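Before any comments, here is the structure.
The values are calculated or read from the model by the stated rules, or taken from the named source; none is laboratory data. Predicted model, so just to flag it, every value in this text is computed and none were measured. Glycine gets a Cβ as well: all are built from the backbone with ideal geometry, and neighbour counts include every protein chain shown. Areas reflect the complete protein model, heavy atoms only, side chains present, ligands, DNA and RNA absent. Shrake-Rupley method; radii C 1.70, N 1.55, O 1.52, S 1.80 Å.
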Amino acid sequence: MTTPGKDRPLRIGIVTVSDRASRGIYEDKGGPAIQAELERIVTSPWEPVVRVIPDDLDGIVATLTELADGEGCDLIVTTGGTGPAPRDVTPEATERVCQKMMPGFGELMRTVSLTVVPTAILSRQTAGIRGTSLIVNLPGKPSAIHDCLMAVFPAIPYCLDLIGGAWIDTDPAVCKAFRPKS
């Protein structure tokens, strides 16, 4: 008997949502920070699918849809666009493309972030499921990316198991994945 999801490679979408980074005015630090964290955490073979796009609702919707449906990404991690500013629309785009929202991810990320900075209450991170893809919105600051990803990642492999995504193994010395014993 094979374990579902172990028969195919893991693909992870990494999306930076930033007007300035997408135009080359600002160096993208969020996307590379996500990739570096994932390289530390994930021990399964995986392939990053990277995008740097502007803060545009329709463009974010199109990118998330393409990564989930066209590129077959099991996990899509975004950075940027989660604040209260008028152009911050990543959570709205995520809600638009997902069949199920997973509010516990955002709740945990804000809780962890509030121990560091009181303005974390302004962040609107969320997560949701589109088909067999889990989409997780992270903040834009690399240190916050680390804190939030370390907080929620233990639940990500089992979530992917439940929705039919690819199998993820983690380095337990960095981040121990939780899977209930069967």
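Just give me the residues in the stretch 105-125 being touching a strand residue (DSSP E or B) at 6+ places or on another chain (Cβ under 8 Å) and free of Cβ contacts under 8 Å to residues at least 40 places away in the same chain, in sequence order.
Correct list: G106 only.
Do we have G13 as without any contact (Cβ under 8 Å) to a residue 12 or more places away in the chain, touching a strand residue (DSSP E or B) at 6+ places or on another chain (Cβ under 6 Å) and not polar (S, T, N, Q) here?
Numbers: without any contact (Cβ under 8 Å) to a residue 12 or more places away in the chain: no; touching a strand residue (DSSP E or B) at 6+ places or on another chain (Cβ under 6 Å): yes; not polar (S, T, N, Q): yes.
Against the criterion (without any contact (Cβ under 8 Å) to a residue 12 or more places away in the chain, touching a strand residue (DSSP E or B) at 6+ places or on another chain (Cβ under 6 Å) and not polar (S, T, N, Q)), G13 does not qualify.
Tally time: how many residues in the stretch 101-127 are assigned to a strand (DSSP E or B) and surrounded by fewer than 24 Cβ atoms within 10 Å (Cβ to Cβ)?
Residues meeting the conditions: 1.
When both residues are 6+ apart or on different chains and their Cβ atoms are under 9 Å apart, which pairs have a first residue that lies in the stretch 152-174 and is open to solvent by 10 Å² or more (accessible area, probe 1.4 Å), and a second that is small (G, A, S) and assigned to a helix (DSSP H, G or I)?
A155/G104
Could you list, in sequence order, all residues of the stretch 76-100 that are open to solvent by 20 Å² or more (accessible area, probe 1.4 Å) and either over 19 Å from I156 (Cα atoms) or within 12 Å of the chain's Cα centre (by Cα) (or both)?
Within the stretch 76-100, P84, A85, P86, R87, D88, V89, E92, R96 meet the criteria.
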